[in-house]
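These notes concern the structure reproduced below.
The values are calculated or read from the model by the stated rules, or taken from the named source; none is laboratory data. These figures come from a predicted structure and were not determined experimentally. With ideal geometry, Cβ positions are generated from the backbone for all residues, glycine too; neighbour counts draw on all protein chains shown. Ligands, DNA and RNA are stripped out before the accessible areas are found, and what is left, the full protein with its side chains, is counted by its heavy atoms. Shrake-Rupley method; radii C 1.70, N 1.55, O 1.52, S 1.80 Å.
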Amino acid sequence: MASSSSSSSVQELHFPPLNIPITTSRPVHVSPAGPIPAEFGHSLYLSNLDDIIGARVFTPTVYFYRSDFFNPDDEKPVVRTLREALAAVLVPYYPLSGRLREAMNGKLEVFFGPEQGALMVEAYSEMALAELGDLTVPNPAWAPLIYVFPDEEPYKVLDMPLLIAQVTVFSCGGFSLGLRLCHCICDGLGAMQFLGSWAATAKSGTLVAKPDPVWDREVFRPRDPPAVKFPHVEFMKIDDESSLTMSLWQEKPVQRCYRVSREFQARLKAVAQFSDSDRFTCTTFDAMAAHIWRSWVRALDVKPLDYRLRLTFSVNARQKLKEAPLRDGFYGNVVCLACATSSVDELVNGRLSDTARLVREARIDVSEEYLRSTIDYVEVDRPRRLEFGGKLTITQWTRFPIYETADFGWGRPVYAGPIDLTPTPQVCVLLPEGEAEPSGRTVICICLPEFATGKFTELLCSGVGDRLPSAGGGTEGV
């Protein structure tokens with residue numbers, strides 16, 4: 001259910017506590033349905049963008065489908081349809097049937113051996129989808145719908161299936177598809193390309209791979225010698241001398257979700273673009289990211305005030321590549337991590353426009369040269385662990401056509417996206433809503449310690465506290 005906040009433009013969304021009992025069958029390896037251009041012992045190069053420390057994770061997502069669009073005359077079970085389509089798609093997307101291993105200097109590569117392939121698990125629940133509550137709000141209690149190996153180590157990617165799928169059929173006839181896709185193989189847009197091919201193949205009954213998938217990771221080989229031309233603060237290890245990390249990790253954080261209207265976002269952007277000294281152009285993302293960052297830091301009451309914090313976010317660099325454009329169908333990682341920095345004092349006591357300007361500058365600073373410098377930086381000093389010191393990371397999913405892409409023949413999913421952010425509490429995700437007619441609304445998912453949730457909700461929902469010029473030349477509050 002959704003409860004109204006102090007602003008009609010923002011709603012705090014609530015999800016019920018749940019216990020979802022499921023029965024799972026033995027996991028089944030799904031191999032490519034035909035010959036692939038890789039033999040046992042063969043390996044594939046991964047670029048430093050694929051092998052960056054932040055990509056050494058699985059991205060878990062879940063998709064819910066009601067039984068409304070099921071054809072009663074279709075005798076082929078859902079699981080069989082998905083498994084056969086996956087086997088067909090793994091022919092052109094054969095790297096997903098391999099495994100990761102470390103080569104020289106800890107660098108990862110894809111290798112092919114016996115008994116590999118993707119993994120699929122069939123599960124059943126006696127619950128009906130209606131008993132799960134509001135399916136449009138990501139709920140950490142949905143975790144059983146995504147398969148995890150018994151005693152699996154956190155962040156393990158070596159010798160793991162690169163695609164893990166769990167199909168859970170509910171008593172009402174609806175089902176969920178829980179996916180774990182290794183980020184080393186594809187970024188968000190690459191994942192959409194693969195998912196679209198799988199869905200179209202399941203829907204048509206014949207292989208659909210448009211565009212043809214392209215590997216081509218060698219185009220991102222480091223320069224010889226490497227030329228690191230930027231400081232890359234986004235990767236630096238920073239001793240966290242603030243109260244931030246202790247506040248977030250001392251106790252298990254809680255996940256909070258908010259639905260933000262198109263009108264609120266437009267007003268936020270208007271305020272962000274107004275400054276006493278001048279006006280500048282920013283995007284809705286710049287304004288939203290700045291507002292979330294400021295509200296998060298204020299709610300956590302971070303000390304000391306002179307401590308410098310980082311906001312990181314991914315920038316799609318595909319359109320930045322002028323010297324060596326990628327071939328259509330490339331599905332690897334082509335994202336750079338942009339980084340804005342600010343003192344606690346500037347965030348807490350400054351203006352939204354000042355913070356939005358920082359976000360904008362970090363975003364537009366990502367260029368083709370910045371991407372090449374990132375590749376060379378990782379080659380020279382390969383980060384071994386994720387660095388959380390003084391950092392919030394905002395991930396934007398609103399531009400992914402995830403709902404349109406994931407029609408396997410049973411209509412658009414009711415929900416498509418992540419489940420639980422609490423294992424990485426310094427990550428915020430911006431999600432699209434799933435209506436067929438786009439409303440422009442965005443769902444914000446973020447993690448906070450319990451003591452900070454009320455304050456964050458108040459700050460996020462009540463306005464930015466800055467002033468916007470009115471038509472008459474004065475100012476008006478937000």
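Using each residue's phi in segment 141-148, evaluate 6.51 cos²θ - 1.76 cosθ + 1.60 at θ = phi - 60° and report the 3J(HN,Hα) Karplus result to the nearest Hz, with x for Gly and Pro.
Calculated HN-Hα couplings, in order: 6, 7, 3, x, 7, 10, 6, 10 Hz.
If you wrap segment 288-345's Cα atoms in a convex hull and average its projection over all directions, what's the area in nm²?
Values: hull surface 22.3 nm².
Seen from a random direction, the Cα hull of segment 288-345 projects 5.6 nm² on average.
Please list, or write none, the lysines whose alpha carbon is within less than 19 Å of the alpha carbon of K229, excluding same-chain residues fewer than 8 places away.
K237, K320, K322
How about segment 190-299: which trypsin sites (Lys or Arg not before Pro) there lie in a loop by DSSP and see at most 14 other Cβ atoms within 10 Å?
Details: sites: K203, R217, R223, K229, K237, R256, R259, R262, R267, K269, R279, R294, R298; in loops: R223, K229, K237.
Taking segment 190-299 and a limit of 14 other Cβ atoms within 10 Å, the loop trypsin sites (Lys or Arg not before Pro) found are R223, K229, K237.
Can you tell me the convex hull volume per residue for segment 71-154, based on C-alpha atoms, in Å³ to the nearest whole number?
Roughly 199 Å³ of hull volume per residue.
Rounded to whole Hz and in sequence order, give me ³J(HN,Hα) for segment 13-27 from the Karplus expression 6.51 cos²θ - 1.76 cosθ + 1.60, θ = phi - 60°, writing x for Gly and Pro.
Coupling constants for segment 13-27: 9, 10, 10, x, x, 9, 10, 9, x, 9, 10, 10, 8, 5, x Hz.
Relative contact order (percent) for segment 126-255, with alpha-carbon contacts under 8 angstrom and 6 or more residues of separation? Provide the component values of the computation, followed by the final result.
Details: 73 pairs, mean separation 23.6, N = 130.
Relative contact order for segment 126-255 comes out at 18 percent.
When only the heavy atoms of the protein chains count and the probe is 1.4 Å, how do T398, T168, T457 rank by accessible area, highest first?
On the way: T398 45, T168 0, T457 25 Å².
Ranked from most to least accessible, the order is T398, T457, T168.
Could you tell me what percent of the accessible area of segment 244-312 is made up of carbon and sulfur, with a 1.4 Å probe and every protein chain present?
On the way: 1520 of 2850 Å².
Result for segment 244-312: 53 percent of the exposed heavy-atom area is carbon or sulfur.
In deg cm²/dmol, rounded to 500, what helix-only [θ] at 222 nm does the chain give when every DSSP H run of at least 4 residues adds -39500 (n - 2.57) and the total is split over its residues?
On the way: 10 runs with 111 residues, N = 478.
Value at 222 nm, helices only, nearest 500: -7000 deg cm²/dmol.
Taking segment 322-414, which GluC sites (Glu not before Pro) meet the DSSP loop condition and have no more than 10 other C-beta atoms within 10 Å? Walk me through the intermediate numbers first.
Working: sites: E323, E346, E361, E368, E369, E379, E387, E404; in loops: E323, E387.
Answer in residue order: E323.
Taking 8 Å as the Cα distance limit and 6 or more residues as the minimum spacing, I'd like the relative contact order of segment 74-143 as a percentage.
The normalised contact order for segment 74-143 reaches 21 percent.
Take the alpha carbon atoms of segment 335-443, find their radius of gyration, then divide it by 2.2 N^0.38 Å using N residues; give the quotient. Mind dumping the intermediate values first?
Details: Rg = 17.7 Å, N = 109, 2.2 N^0.38 = 13.1 Å.
Working it through for segment 335-443, the quotient is 1.35.
Work through the residues other than R180 whose Cβ is under 13 Å from its Cβ and net out their charges, Lys, Arg +1 and Asp, Glu -1. Before the final figure, lay out the partial values.
Values: positive: K156; negative: E152, D420.
It works out to a net charge of -1.
Between E458 and N19, 0.36 nm times their residue separation minus their Cα-Cα distance comes to what? Provide the component values of the computation, followed by the final result.
Numbers: separation 439, 0.36 × 439 = 158.04 nm, distance 3.01 nm.
Between E458 and N19, full extension yields 155.0 nm more.
Taking a probe of 1.4 angstrom, what is the accessible area of R221 in Å², to the nearest 10?
In the full protein context, R221 sits at about 120 Å².
What does the net charge come to around V30 if you take all other residues with beta carbon closer than 11 Å to its beta carbon, with K and R at +1 and D and E at -1? Walk me through the numbers on the way to the answer.
Numbers: positive: R83; negative: E84.
Around V30, the charge tally is 0.
Sort largest first and round to whole Å: the equivalent ellipsoid semi-axes of segment 235-283, each the square root of five times a Cα gyration tensor eigenvalue. Walk me through the numbers before you get to the answer.
On the way: eigenvalues 210, 82, 17 Å².
Those come to 32, 20, 9 Å.
How large are Rg and Dmax for segment 185-292 when calculated on the C-alpha trace, in angstrom?
22.0, 60
Rounded to a whole number, what is D in µm²/s for the chain from Stokes-Einstein with the Kirkwood radius over alpha-carbon pairs (20 °C, 1.002 mPa s)? Display every interim value, and only then the final one.
Numbers: Rh = 23.6 Å.
For these conditions, the coefficient is 91 µm²/s.
What's the angle, to the nearest 10 degrees (0 to 90), between helix 262-272's Cα axis and the longest principal axis of the chain?
With both axes taken from Cα atoms, the answer is about 50 degrees.
Considering only DSSP states other than H, G, I, E and B, which GluC sites (Glu not before Pro) in segment 213-250 qualify as loop sites with at most 16 other Cβ atoms within 10 Å? All intermediate terms of the calculation are to be shown ahead of the outcome.
Values: sites: E218, E234, E241; in loops: E241.
Filter output for segment 213-250: E241.
Can you tell me the accessible area per residue over the chain, all protein chains present, probe 1.4 angstrom, in square angstrom? Walk me through the numbers on the way to the answer.
Details: 20780 Å² over 478 residues.
Ligands and nucleic acids excluded, the result is 43 Å² per residue.
Rounded to two decimal places and with Rh computed the Kirkwood way over Cα pairs, what is Rg over Rh for segment 189-238?
Values: Rg = 18.5 Å, Rh = 14.5 Å.
Using only Cα positions, Rg/Rh for segment 189-238 is 1.27.
Pull up the DSSP beta bridges for the chain and report the antiparallel fraction as a percent, rounded to 5.
Values: 61 of 78 bridges.
Here the share of antiparallel DSSP bridges comes out near 80 percent.
Hey, what D do you get for segment 250-368 in µm²/s if you plug the Kirkwood alpha-carbon radius into Stokes-Einstein at 20 °C and 1.002 mPa s?
On the way: Rh = 16.1 Å.
It comes out at roughly 133 µm²/s.
Taking a cut-off of 20 Å between Cα atoms, list the aspartates and glutamates near K455, but don't count ones fewer than 8 places away on the same chain.
In chain and number order, the partners are E12, E251, D301, D345, E346, D466.
Per the Kirkwood formula on distinct C-alpha pairs, the Rh of segment 1-148 is how many angstrom? Display every interim value, and only then the final one.
Working: mean 1/r = 0.0526 Å⁻¹.
Over segment 1-148, the inverse of the mean reciprocal pair distance is 19.0 Å.
Quick one: give the max-minus-min coordinate of the C-alpha atoms of segment 109-226 along each principal axis, largest first, in Å.
58, 38, 33 Å, listed from the longest principal axis down.
In what sequence, largest accessible area first, do S125, S462 appear using a 1.4 Å probe?
On the way: S125 0, S462 65 Å².
Largest accessible area first, the list is S462, S125.
Can you sort I52, I394, I364 by 1.4 Å-probe accessible area, starting with the largest?
On the way: I52 30, I394 0, I364 80 Å².
From most accessible down to least: I364, I52, I394.
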